[in-house]
Amino acid sequence: MDAHRTRNGPARFAEDHDRLDIWVDRVDAFILALDAIDADDPFDFCAEAWEIWQSAVAADPPPESSAAVLVALGGLHAVAHAMTASTLDYYRTPDARDRKTLSSVNAALKACLGGLRRESARWLSDGLPAAEEITARSATLVARLQATNAPGAAPISNTGIVFDKVCALTDTENRRYREAYDRLRAMLGREWLQHITNESETLSDVVTGIVLDLQSSQGSTVDEHVMAERRAKIRSALAAVTGALHTYQEQSVKTAAKTFGYDSPQAKAVARLFDDAKQSSFEYRWLDELNEPLRRGDSAAVRFEFTARPHGESDLDVRMDRDYMAQFAKSKRKWLGPDELVVMAGDPSVLDMIKAIAPKVNSLQGQLDAILYPNVADDVAAVKELIARFGGQKGLDALHTAPGAIDKPWMPPHLSPRVLSFVRTFE
């Protein structure tokens with residue numbers, strides 16, 4: 001006869017069995033909820049996942065003698081492990097491209113939760129663990145949680161799941177801290193600028209791949225079907241770069257309008273920055289104009305130069321067709337200057353143009369930051385105050401487990417390493 005049933009009696013056994021069944025369903029719901037989390041990076045994803053599961057535990061904490069407590073603690077441990085792995089990966093992997101992605105962290109957490117779910121379901125069919133096993137495993141999970149320094153690990157004690165209130169903040173204070181953090185995260189994230197960088201790197205990879213293919217095929221450019229595929233691949237990557245450049249302007253202006261008002265001086269200043277960038281940079285203005293013909297698949301806007309050498313290094317370049325773009329620009333703003341294309345000695349290299357705008361765009365981003373985030377010093381001070389108020393990052397994380405926290409409309413955030421590093425070094 002099951003040891004748990006013998007010690008507690010049939011009624012208590014049935015109650016524990018039903019409670020465990022409920023927690024197994026909660027694991028299923030939690031796994032589905034992970035895909036609905038709106039996060040920018042693995043850290044925010046883990047913080048949101050922690051809050052979801054911790055809220056479920058805080059709302060209905062199972063008795064420490066029930067098997068359900070192993071599911072509750074097991075879910076906490078799974079998310080804490082994901083956060084720890086993401087943090088270690090961030091600091092140990094210098095190249096951001098090699099770090100864990102949000103989707104890979106999501107998949108790993110689901111796999112861990114899947115194992116917890118399968119074991120819990122097996123208890124429902126094969127019999128609940130003995131009381132001694134529950135006590136021992138609970139103690140082990142609590143020790144692991146405390147060792148991970150995960151969000152909320154500190155308030156857990158081995159007498160059960162205890163969520164101690166760290167500090168009572170007013171909604172006004174919570175809002176101030178949250179908004180300061182969100183502004184810093186948005187400024188440091190530079191999402192649309194990063195989009196340009198990512199698409200430029202993809203284009204570079206496409207070009208390199210085709211050059212290597214030309215070399216491995218002994219420089220053959222005879223197969224027109226293969227050459228058409230190569231041109232289409234490059235054209236698509238080019239369209240992505242110019243599209244990212246165009247989106248960069250649209251989103252920057254939209255952000256200024258949303259933050260300060262459509263007709264605000266700030267929104268107008270942001271729009272002027274982009275106009276000035278185009279007027280002062282040949283490469284910037286013509287890459288922006290290339291976006292429309294490339295986006296609609298007009299093959300006349302660019303031409304390709306494939307240099308195939310059977311016994312040497314092959315090469316390729318992409319040239320902007322001056323005659324086509326001069327005609328295209330006739331109906332555009334006068335500062336586009338179609339005549340400047342006519343007097344050029346040859347068609348300019350689009351690949352060189354993309355490389356040339358990098359310093360221009362980085363300088364532009366600094367000017368945008370000054371307009372969009374004028375109170376950086378105040379926001380840094382607010383986040384420093386938040387950290388100090390709870391005795392450091394660990395205390396701040398613990399706030400998420402405070403009783404009643406889930407009912408507050410604003411909660412201090414789990415600070416990302418990027419924001420923490422910026423705050424600590426800001427002068």
- Would you be able to tell me the number of residues in the stretch 174-220 that are farther than 25 Å from D378 by Cα and part of a helix (DSSP H, G or I)? 23
- If only one of S236, S252 is in a helix (DSSP H, G or I), surrounded by fewer than 20 Cβ atoms within 10 Å (Cβ to Cβ) and of a type in the set (S, T, Y), which one is it? S236
- Item | Subset of the stretch 314-331 that is over 14 Å from V302 (Cα atoms) and open to solvent by less than 70 Å² (accessible area, probe 1.4 Å) - its residue that is modelled with the highest pLDDT | A329
- Please state which one of T221, T255 is of a type in the set (S, T, Y) and modelled with pLDDT of 90 or more. T255
- Task: Please specify each residue of the stretch 77-107 satisfying the condition of being modelled with pLDDT under 75 and not in a helix (DSSP H, G or I).
- Result: P94
- Test A257 against the stated conditions and say whether it is within 21 Å of R183 (Cβ to Cβ) and open to solvent by less than 10 Å² (accessible area, probe 1.4 Å). no
- Task: Determine whether R296 is modelled with pLDDT under 90 and surrounded by 12 or more Cβ atoms within 10 Å (Cβ to Cβ).
- Result: no
- Before we move on, is A147 at pLDDT 90 or above, of a type outside the set (D, E) and part of a helix (DSSP H, G or I)? no
- Message: Can you find a residue that is aliphatic (A, V, I, L, M), touching a Cys at 6+ places or on another chain (Cβ under 9 Å) and buried (at least 21 other Cβ atoms within 10 Å of the Cβ) anywhere in the stretch 20-33?
- Response: no
- Item | Evaluation of P374 against (1) open to solvent by 40 Å² or more (accessible area, probe 1.4 Å); (2) in a helix (DSSP H, G or I); (3) modelled with pLDDT of 90 or more (one fails), failing number | (2)
- Query: So, in the stretch 80-126, of the ones that are within 30 Å of A14 (Cβ to Cβ) and touching a Leu at 6+ places or on another chain (Cβ under 7 Å), which residue ends up least open to solvent (accessible area, probe 1.4 Å)?
  - Reply: S120
- Message: Tell me whether the stretch 338-356 contains one or more residues that are in a helix (DSSP H, G or I), within 24 Å of E201 (Cα to Cα), at pLDDT 80 or above and open to solvent by 80 Å² or more (accessible area, probe 1.4 Å).
- Response: yes
- Could you list, in sequence order, the residues of the stretch 74-123 that are closer than 23 Å to D18 by Cβ and of a type in the set (A, V, I, L, M, F, W, C)? L76, L113, L116, A121, W123
- Item | Pair list, Cβ under 7 Å, 6 or more apart: the stretch 112-127 residue of a type in the set (D, E), other residue modelled with pLDDT of 90 or more | none
- Query: Got a number for residues in the stretch 38-55 being open to solvent by 30 Å² or more (accessible area, probe 1.4 Å) and either outside any helix (DSSP H, G or I) or in contact (Cβ under 8 Å) with a residue 24 or more places away in the chain (or both)?
  - Reply: 3
- Message: Need the failing condition index for R178 against (1) modelled with pLDDT of 85 or more; (2) of a type in the set (K, R); (3) over 30 Å from I354 (Cα atoms); (4) within 27 Å of the chain's Cα centre (by Cα), just the number.
- Response: (1)
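The values are calculated or read from the model by the stated rules, or taken from the named source; none is laboratory data. Here the structure is a predicted model, which means the values were calculated and not measured. All Cβ positions, glycine included, derive from the backbone under ideal geometry; neighbour counts span all protein chains shown. Surface accessibility is based on the protein's heavy atoms, side chains included, excluding ligands, DNA and RNA. Shrake-Rupley method; radii C 1.70, N 1.55, O 1.52, S 1.80 Å.
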